[in-house]
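K.L.:
Before anything else, here's the structure in question.
The values are calculated or read from the model by the stated rules, or taken from the named source; none is laboratory data. Remember, predicted model here, so these are calculated numbers, not experimental data. Methodologically, a virtual Cβ is constructed for each residue, glycine included, from the backbone with ideal geometry; neighbour enumeration extends over all protein chains shown. Note: accessible area is taken over every heavy atom of the protein model, side chains too, but ligands, DNA and RNA are not part of it. Shrake-Rupley method; radii C 1.70, N 1.55, O 1.52, S 1.80 Å.
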Amino acid sequence: MVRVGFRMVLDAQPDMTVVGEAGDGAEAVRLTAELHPDIVLMDIRMPRMDGLEATRTIIEADPAVRVLVLTTFDLDEYVHAALRAGAGGFLLKDAGPAELLAGIRAVSSGDAVVAPSATRRLLERFLPHDSAAQAPTDPKLIAALSDREREVLVCVGQGLTNTEIAGKLFLAETTVKTHIGHILTKLGLRDRVQMVITAYDAGLVRPGR
């Protein structure tokens, strides 16, 4: 019933077409390989293969596919791992049509789906339970950034919007966007969500700080 509702909303849009539906993660992986969609709207809790494993498998097979995770936020403790697996962001299962459509379009354009502050709250909730997140990444990775780019990465990791970063660092908002573009390129990241994860992994930002 939920999928029928999603299909009705999406197929009514002039710039969207639903090319397939899957009842579980294994079927989602198979159909994605066959149909090559631009975006996969992925549930977390499913039979046979959950959304985490399905997301990882899909991204590994075709990094160009964008995965948008559905979550209940307070209950799904796999969301952080799904973002690590390459998901472009997450939406709440009770998101209205306007929010759903905006989220899909955001992911399609390469932006993060969720507000930066919501991403930060999510990571602060789940990072203490993820032992892999406690080990910082290779320092050489962050060393590729300039001092200003590192400052911008810290701000993104803290959940600040571009406008807030511009005010804090006394920069024009267009300059902030330029720095973010450079960071994504230098670190080989897909979007703002992965920037937040990288900031935590590198030890630039810690939960609760």
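K.L.:
How much of the accessible area of the stretch 1-83, probe 1.4 Å, is carbon plus sulfur, in whole percent? Could the numbers behind the result be given before it?
P.N.:
Working: 2560 of 4540 Å².
With neighbouring chains kept in place, the figure for the stretch 1-83 is 56 percent.
K.L.:
Further, regarding this structure: To the nearest µm²/s, what D does Stokes-Einstein give for the stretch 1-82 at 4 °C and 1.567 mPa s, using the Kirkwood radius over alpha carbon pairs as Rh? Don't skip to the answer; put the middle values down first.
P.N.:
Values: Rh = 13.1 Å.
So the translational diffusion coefficient is about 99 µm²/s.
K.L.:
Pull up all non-local amide H partners of Q158: gap of 5 or more, or a different chain, and H-to-H distance under 5 Å with H placed in the peptide plane.
P.N.:
Placed amide hydrogens put nothing under 5 Å from Q158.
K.L.:
With a point put 7 Å past each Cα toward its Cβ, work out how far R206 is from A61 in nm, to one decimal.
P.N.:
4.1 nm
K.L.:
How much length, in nm to one decimal, is gained on full extension between A143 and H182, taken as 0.36 nm per residue of separation minus their Cα-Cα distance? Intermediate results must be reported in sequence, preceding the final value.
P.N.:
Numbers: separation 39, 0.36 × 39 = 14.04 nm, distance 1.34 nm.
Taking A143 through H182 to full extension adds about 12.7 nm, to one decimal.
K.L.:
Assuming 0.36 nm per residue, please report the length gained on full extension of the stretch F170 to E99 beyond their Cα-Cα distance.
P.N.:
On the way: separation 71, 0.36 × 71 = 25.56 nm, distance 3.16 nm.
Contour length minus Cα-Cα distance gives 22.4 nm.
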